[in-house]
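Any read-out appearing in this document is the output of simple, stated calculations on the displayed coordinates, not a laboratory observation. Since the model is a prediction, treat every value here as computed from it, not as a measurement. With ideal geometry, Cβ positions are generated from the backbone for all residues, glycine too; neighbour counts draw on all protein chains shown.
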């Protein structure tokens, strides 16, 4: 099984079937140690996703694939699960907030980082929901001042620039946490 397949399999959380099915999936997804070479391969894969599927102008505005977006949070957590599967009970925790808290309990991140990840995830999910509800592309924070203003108002920020300043601060911090986590995993 290819490494990217193991990575994708490890992201699957709802395995239905025989009790043994979850064990087989967990073994396939987390049974192979995350060596520096394997980590480099996965990081290169994420970089390809960011460059091939994301327009340069959306680098910080795409709430899923952009820098500091939901993808960074998901990759951060999952790469740690692949590196420390036993300490994190990899594959058994289903909800992302529980998975983030497990990182803190295992002392792989500190409490402040855990809270920042949780709050950022909530902000990004709310942003995505409000984009859809506003009839705007569900992944991209709009540049159009009117659309941005509607989004900001709906989310309680009052005006677009207030929302944008908060959003940019969040995605910048999440990207930093992601990059710091990669450095620790490499070290």
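Observations on the model:
- Contact order normalised by residue count of the range 50-127, Cα under 8 Å, 6+ apart, percent: 24
- Full extension of the segment from residue 2 to residue 51, taken as 0.36 nm per residue of separation minus the current Cα-Cα distance, would add 15.5 nm.
- FRET E, pair residue 32, residue 133, Förster distance 35 Å, beta-carbon r, rounded to 0.05: 0.25
- Helix-only mean residue ellipticity at 222 nm for the chain, each DSSP H run of n ≥ 4 adding -39500 (n - 2.57), per residue, nearest 500: -21500 deg cm²/dmol
- Potential extension, residue 105-residue 122 segment - 0.36 nm per residue separation minus Cα distance: 4.1 nm
- Helix 70-83 and the longest principal axis of the C-alpha atoms of the chain enclose an angle of approximately 20°.
- The range 147-187 shape via C-alpha gyration tensor axes, a/c threshold 1.5: prolate
- Cα gyration tensor category, rounded, prolate or oblate, for the range 31-84 with a/c compared to 1.5: oblate
- Put a dot 7 Å past the Cα of residue 24, heading toward its Cβ, do the same for residue 41, and the two dots end up 2.3 nm apart.
- Degrees between helix 36-52 axis and first principal axis of the chain (Cα, 0 to 90, nearest 10): 30
- Model label points for residue 168 and residue 95, set 7 angstrom from Cα along the Cα-to-Cβ axis, are 3.4 nm apart.
- The chain: angle of helix 145-154 to the longest principal axis, Cα-based, in degrees nearest 10: 70
- Net length available on complete extension from residue 115 to residue 153 is 11.2 nm, with 0.36 nm assigned per residue and the Cα-Cα distance removed.
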